[in-house]
Amino acid sequence: MGARLRVVLDQLAHVVDQDQAWAALDLARALVDTAPSGCDVEAIVPAQSEAAVPGLAAVHRLSLARRELSASWQMGIVPGVGGGLIHSASLMAPLVRHDRVHDNDQTTVTLWDLRAWDAPETLTKSAVSWNRAMLKRAVKHADAVVVPTHSIGARLAEIAKLGERIRVIPGAAPSGFVVPLDAAARRKALLIPDRYIVVTGRPATIEAGFRAAVAAGADAVVLDAVEGAEPRLAEIAAAAGLPEARARVRPALPAEDRAAVLAGASAFVATDDVAAWPWRAVEAMTLGVPVVALDTGVHRDVVADGGTIVAQDDIEDAVVDATGSGARRLSVLAADRSRAFSWHGAGERVWGLHADL
């Protein structure tokens, strides 16, 4: 007898996290493509949402829009959802009491990062509160909590009593993430300099990336800067010896713009030390950009031998090598490592997870 896997797609009309929104769609497509014989996929979506995922067996549209649904599910109010096998690519899920043994109901959720616990200053107060509340509900009601790396799983085990319910399923770059044909024009429109490295990280750690740009004789482009962070990042860059004209700070960009910026970089420098899936590092490796990453559990899990992983004090020397004599070698290693991550593989593992449960 077959099974139907019901996937929560909550950010179709109202996007609150760009990365998690496209990850949910990519995973849904992969689940359709990897469905075992006799099994199919249904989408659970908020009101006023359209699920443009080919091959879905059904779309279950709820009566509440995404904002209201988020508040409702946080309080454990889930009218009209129904049971069955439910999987969410985020913490947004109908986490209530159910009977897995007798009714075959399952609810699994995904936690991509632990910023709400380890770096709450990088999120809004409401986002921190919502994430913490939903994890408490997951501890009570989730049959499994999926994390993208073993190190994040280990840290989550310190935060919440989940026991063997923590499962590891990595993410991947967006499907079709390639250098756009008009990459040069996109970089020009974004005022990206000719020679630069891309730097990511929070204000507490990003100075090492700016110092590395100075050492390599390059400008720095910061991606994913939160709103209002530009003045502070400019101050940090200046203190590191990089004047404002050589430090370009950009907010979250659409996938094609990100691909254009990453593809033109001499190196990608990941300075973040928070337990979080490194979306940009995976994208950089996919495009064969030399990667230098701060030595953390996440970077050891994900970047591994696809880049150079070093202590904070050694980032400058590593970037000088990555933008010079080591560039070709690191480019090949990055592209090779990126092949370890695919949404097809993630889809197969999600199906396997629900079969195990």
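What follows is calculated from the coordinates using simple rules that are stated; it is not laboratory data. Note that the structure is predicted; figures quoted are calculated from it, not measured. Note that we place each Cβ from the backbone using ideal geometry, even for glycine, and neighbour counts take in every protein chain shown.
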In nm, spacing of pseudo-spin labels at residue 78 and residue 124 (7 Å Cα→C-beta vector): 2.5
Relative contact order in percent for the chain (Cα pairs under 8 Å, 6+ apart) equals 16
Excluding residues fewer than 8 places away in the same chain, name every one of the aspartates and glutamates whose C-alpha is closer than 12 Å to that of residue 188. 257
Bridge type composition, the chain - antiparallel percent by DSSP, nearest 5: 5
Set the Förster radius R0 to 45 Å, insert the Cβ-Cβ distance between residue 230 and residue 344 as r into 1/(1 + (r/R0)^6), and round the FRET efficiency to 0.05. 0.75
By per-residue mean of other Cβ atoms within 10 Å, what is the highest-first order of 225-233, 62-70? 62-70, 225-233
Using only the alpha-carbon atoms, what does region 104-231 span along each of its principal axes? Please give whole angstrom values in decreasing order. 56, 33, 26
Using a Förster distance of 30 Å, how high is the FRET efficiency between residue 188 and residue 239, based on the Cβ-Cβ distance and rounded to 0.05? 0.55
Given charges at beta-carbon only (K, R positive; D, E negative), |dipole| of region 183-338 in Debye: 540
For region 183-338, what is the relative contact order in percent, using Cα pairs closer than 8 Å and at least 6 residues apart in sequence? 25
Could you tell me the center-to-center distance, by alpha carbons, between region 324-338 and region 30-97 in angstrom? 40
Treating only Lys and Arg (+1) and Asp and Glu (-1) as charged, each at its beta carbon, one finds that the chain has a dipole about its Cα centre, in Debye to the nearest 20, of 560
With a ≥ b ≥ c the root eigenvalues of the C-alpha gyration tensor of region 183-338, is it rounded (a/c under 1.5), prolate (a/b larger than b/c) or oblate? rounded
Treating the beta-carbon of each Lys and Arg as +1 and of each Asp and Glu as -1, no other charges, what is the dipole magnitude of region 117-179 about its Cα centre, to the nearest 20 debye? 280
As a check on your grasp of the helix formula, calculate [θ] at 222 nm for the chain: sum -39500 (n - 2.57) over DSSP H runs of n ≥ 4, divide by the residue count, round to the nearest 500. -11500 deg cm²/dmol
How many nm is it between the label spots at residue 13 and residue 195, if each spot is 7 Å from the Cα in line with the beta carbon? 5.1
So if each residue of separation counts as 0.36 nm, and I subtract the Cα-Cα distance between residue 175 and residue 295, what length gain in nm does that give? 40.4 nm
In percent, what relative contact order does region 126-250 have, based on Cα pairs under 8 Å that are 6 or more apart in sequence? 17
Let's test the formula: R0 of 35 Å, r as the Cβ-Cβ distance of residue 314 and residue 139. What FRET efficiency results, to the nearest 0.05? 0.35
Label-point separation in nm, residue 304 to residue 159, each point 7 Å along Cα→Cβ: 2.4
Between 277, 331, 205, whose Cα lies farthest towards the positive end of the dipole of the chain when Lys and Arg beta carbons carry +1 and Asp and Glu beta carbons carry -1, centred on the Cα centre? 277
Interchain or long-range residues, amide H under 5 Å from residue 106's placed H: 84, 85, 86
Straight-line reach check, residue 161, cutoff 16 Å on alpha carbons, 8 or more apart in-chain or any other chain, hits among aspartates and glutamates -> 143
Give the shape of region 104-154 as rounded, prolate or oblate, defined through the alpha-carbon gyration tensor: a ≥ b ≥ c are the square roots of its eigenvalues, a/c under 1.5 means rounded, and otherwise the shape is prolate if a/b is larger than b/c and oblate if not. oblate
If the chain between residue 50 and residue 357 were fully extended at 0.36 nm per residue, the gain over the current Cα-Cα distance would be 107.5 nm
